[in-house]
Amino acid sequence: AQTVTQSQPEMSVQEAETVTLSCTYDTSESDYYLFWYKQPPSRQMILVIRQEAYKQQNATENRFSVNFQKAAKSFSLKISDSQLGDAAMYFCAYRKDSNYQLIWGAGTKLIIKP
Amino acid sequence: GAGVSQSPSNKVTEKGKDVELRCDPISGHTALYWYRQSLGQGLEFLIYFQGNSAPDKSGLPSDRFSAERTGGSVSTLTIQRTQQEDSAVYLCASSLGGSWTNTIYFGEGSWLTVV
């Protein structure tokens with residue numbers, strides 16, 4: 001069975017600095033998709049960024065980028081120029097090609113220090 | 001509507017009672033998902049609808065849980081004879097279709113507490 005592990009329960013970063021959140025996963029599939037979601041106190045999950053496993057190029061969305069290491073089964077999220085509004089729970093999720101389910105990590109709480 | 005709407009946002013119920021949680025997806029979205037989020041945990045998949053049919057019910061934890069979707073729109077998740085371990089946030093989500101390229105939009109969840 002696929003699993004997703006986020007080893008950092010909590011991270012903190014100074015405003016305007018860069019922070020990296022870790023995610024590793026376990027799968028025997030070759031085609032799959034990876035996602036980072038943000039959950040602010042409102043509880044609404046918001047998609048931050050996504051990556052196709054067959055693409056070697058790392059996805060980027062403005063201040064958010066990923067470091068996807070397929071062989072190592074690692075999918076970390078880098079947030080540059082951190083802003084107060086980035087404070088939230090961040091979840092890493094996996095979806096295999098033939099399935100609708102997202103498999104989720106336990107989340108990392110990101111604290112932004114002003 | 002503008003987003004995925006869920007009701008009630010909070011529900012406290014006594015053990016053994018039945019509860020119904022409602023989800024109103026984004027208009028035009030054919031795919032609908034239910035997830036459960038326990039305190040300090042990631043999300044746990046419950047069920048997926050494509051239109052009114054549920055090709056994947058594999059996540060429903062027991063036969064006390066059921067879900068339906070009518071008119072390709074509103075969905076109801078029903079929990080019968082609630083237990084304390086059912087306490088969690090129940091999140092509904094929808095997307096245009098079931099493809100991974102379709103962004104999944106989440107509601108704000110229904111927080112269920114069983115006392």
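When Rg and the Kirkwood Rh are both derived from Cα coordinates, the Rg/Rh ratio for region B:16-115 amounts to 0.95. Overall, the protein assembly as shown carries a charge dipole of about 40 debye about its Cα centre when +1 sits on the Cβ of Lys and Arg and -1 on the Cβ of Asp and Glu, all other atoms neutral. Counting charges near A:VAL13 (Lys, Arg +1; Asp, Glu -1) among other residues having Cβ under 13 Å from its Cβ returns a value of -1.
Overall size of chain A from C-alpha positions, given as principal axis extents largest first: 42, 27, 21 Å. Across all directions, the average flat footprint of the convex hull enclosing the Cα atoms of region A:1-47 is 4.8 nm². Label-to-label distance, B:SER99 versus B:THR70, with points set 7 angstrom from Cα along the beta-carbon direction: 3.2 nm. Semi-axes of the equivalent ellipsoid of region B:1-54 are 22, 14, 13 Å, computed as sqrt(5λ) over the eigenvalues of the C-alpha gyration tensor in descending order.
In units of the rule-of-thumb radius 2.2 N^0.38 Å, the protein assembly as shown shows an alpha carbon radius of gyration of 1.02.
Ranked highest first by the average count of other Cβ atoms within 10 Å around their residues, in what order do A:7-16, B:41-50, B:17-26 fall? Walk me through the intermediate numbers first.
Working: A:7-16: 12.8, B:41-50: 20.8, B:17-26: 17.9.
Order by mean packing, descending: B:41-50, B:17-26, A:7-16.
Charges were assigned to the Cβ only: +1 to each Lys and Arg, -1 to each Asp and Glu. The resulting dipole of chain A about its Cα centre is roughly 120 debye.
The modelled label-to-label distance between B:ASN10 and B:SER38, using points 7 Å beyond Cα along the C-beta direction, is 2.3 nm.
Structural descriptor for region A:1-78: relative contact order 28 percent, calculated from alpha carbon pairs under 8 angstrom and at least 6 residues apart. Counting only lysines at least 8 places from A:LYS109 when in the same chain, those with an alpha carbon closer than 23 Å to its own are A:LYS38, A:LYS73, A:LYS78.
Taking beta carbons within 10 Å but only from partner chains, what does the mean come to for residues A:42-49? Numbers along the way, then the final one.
Numbers: counts 2, 11, 10, 11, 3, 4, 0, 0.
Across the residues of A:42-49, the mean count of other-chain Cβ atoms within 10 Å is 5.
Read the figures in this text as sums done on the coordinates, not as results from a lab. As the structure is a computational prediction, the values presented were derived from the model and not from experiment. Cβ sites come from the backbone with ideal geometry, for glycine too, and all protein chains shown count toward neighbours.
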